[in-house]
Amino acid sequence: MKKIGLLLLLALFTANVFAQEDYEYDYNYDQTESEYQTEEEPERVAIRKPIDGIYETTHNRHREPISYVHLREADAMWSKKIWRRIDLREKINHPLHFPNKGSLIDPTTQGNWLSFWDVLFMSVDSTEANPNPLMVYFDEFCNIPISYTEFLSKLGTMQRIEIRDPEDPSIILEVREEIEPLRKSKFLAIDMKEVWFFEKQRSVLDVRMITFQPMLWKEPESASIQVEGLDDMIYDEVPRGVGWIHFPEARPVLAANDAFNTFNTSERKTYDDIFWKRMFSSFVQKEENIYNNRDIRDFILNGMDQVLESERITDEIRKFEHNMWDF
């Protein structure tokens, strides 16, 4: 009986050894297959637009923005400039952020639906399909345009590329710098400048957006400087603007592109509708003031006090409209 037991144990041990060898062989085979799949695939060309529904969506394709009511200087009794920031991480602002796959310079579609960033980026570039590109300006006054090359340089980080001699790697043949674009997930805010005014002709308090600037979360420029012994330092990302856009110039483009409706996808709305109907959440960064239009954070350091000051400015505008009426 002991001999039979020893034979059974030996048989089980031998089977286990062969099973482990087979597993290792299969694992190596899977690795080979995965490496084979990483080879470059042939370029695929679309023969038609994406099929993403039961009918063709043409309602907003040729839509024009709603015209502003004519405003005379004599009818504007009161006005105030406000600078706001739209934080795209808030849930109500997600239609302006998603889809956020891929890099900033590679437009990605989700069916026939383009993200807000892709609409702007494709409108800035000049192509045969876009003979009148959207202008990007140096500052909020929109009088000094920047070139397309300078605009692209703000969409990423500068990388130093060294081309070495294949025979002697210690010899550098060429050194050039290229822009490595950021991911769309780094587009997290929109800074906007608007004017609130009271028009006596219609007896209404109205608001009009003047300019806006997309903000990217990037590492500070000092992070690119390597210090001996401090290579493992962690730098906090800070918001960086990519250039100001005159909102009335962008409205025809925004009005012709659909935005995602989280409640009913059959009810088409555009990106211009989001700003026209103010379907977003934002907070005040500063108001027009005598102190060089300083930001709230320049004279209030506490974060909670900054929020309270922002709410105070918003509440003053509401009270002004309310006090214009007699009951």
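The values are calculated or read from the model by the stated rules, or taken from the named source; none is laboratory data. All values reported here derive from a predicted model rather than from experimental measurement. Methodologically, a virtual Cβ is constructed for each residue, glycine included, from the backbone with ideal geometry; neighbour enumeration extends over all protein chains shown.
For this structure, a couple of remarks:
- For the stretch 223-249, the set of residues classified as modelled with pLDDT of 80 or more, assigned to a loop (DSSP other than H, G, I, E, B) and among the β-branched types (Val, Ile, Thr) consists of 242 only.
- Selection from the stretch 280-292 of residues that are of a type outside the set (A, V, I, L, M, F, W, C) and either under 13 Å from residue 313 (Cβ atoms) or within 26 Å of the chain's Cα centre (by Cα) (or both): 281, 282, 285, 286, 287, 288, 289
- Candidates 144, 210 - the one that is in contact with a helix residue (DSSP H, G or I) (Cβ under 7 Å, 6 or more places away or on another chain) and of a type in the set (Val, Ile, Thr): 210
- Picking from residues in the stretch 270-327 that are in a helix (DSSP H, G or I) and among the β-branched types (Val, Ile, Thr), the one that is surrounded by the most Cβ atoms within 10 Å (Cβ to Cβ) is 296.
- Residues in the stretch 134-148 include at least one that is at pLDDT 90 or above, part of a strand (DSSP E or B) and either within 19 Å of the chain's Cα centre (by Cα) or of a type outside the set (Val, Ile, Thr) (or both).
- Residue count, the stretch 259-284 (criterion: in contact with a Ser or Thr (Cβ under 8 Å, 6 or more places away or on another chain) and of a type outside the set (Lys, Arg)): 3
- Residues being touching a residue at least 24 places away in the same chain (Cβ under 8 Å) and either in contact with a His (Cβ under 9 Å, 6 or more places away or on another chain) or of a type in the set (Phe, Trp, Tyr) (or both) - total across the stretch 100-133: 4
- No other residue among 274, 317, 300 is over 29 Å from residue 112 (Cβ atoms), in contact (Cβ under 8 Å) with a residue 40 or more places away in the chain and among the aliphatic types (A, V, I, L, M) apart from 317.
Table: residues versus (1) under 26 Å from residue 245 (Cβ atoms); (2) among the hydroxyl-bearing types (Ser, Thr, Tyr).
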| residue | (1), (2) |
| --- | --- |
| 159 | no, no |
| 163 | no, no |
| 174 | no, no |
| 179 | yes, no |
| 183 | yes, no |
| 192 | yes, no |
| 206 | yes, no |
| 211 | yes, yes |
| 214 | yes, no |
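- Here residue 208 fulfils each of the conditions (1) farther than 25 Å from residue 281 by Cα; (2) part of a strand (DSSP E or B) apart from (1).
- Considering each residue of the stretch 69-78 in turn, at least one proves to be out of contact with any Phe, Trp or Tyr (no Cβ under 7 Å at 6 or more places or on another chain), surrounded by 13 or more Cβ atoms within 10 Å (Cβ to Cβ) and either touching a residue at least 12 places away in the same chain (Cβ under 8 Å) or in a loop (DSSP other than H, G, I, E, B) (or both).
- Single residue of 172, 179 found to be free of Cβ contacts under 8 Å to residues at least 12 places away in the same chain and more than 22 Å from residue 277 (Cα to Cα): 172
- Residue count for the stretch 99-124 under the criterion of being surrounded by fewer than 16 Cβ atoms within 10 Å (Cβ to Cβ) and part of a loop (DSSP other than H, G, I, E, B): the result is 7.
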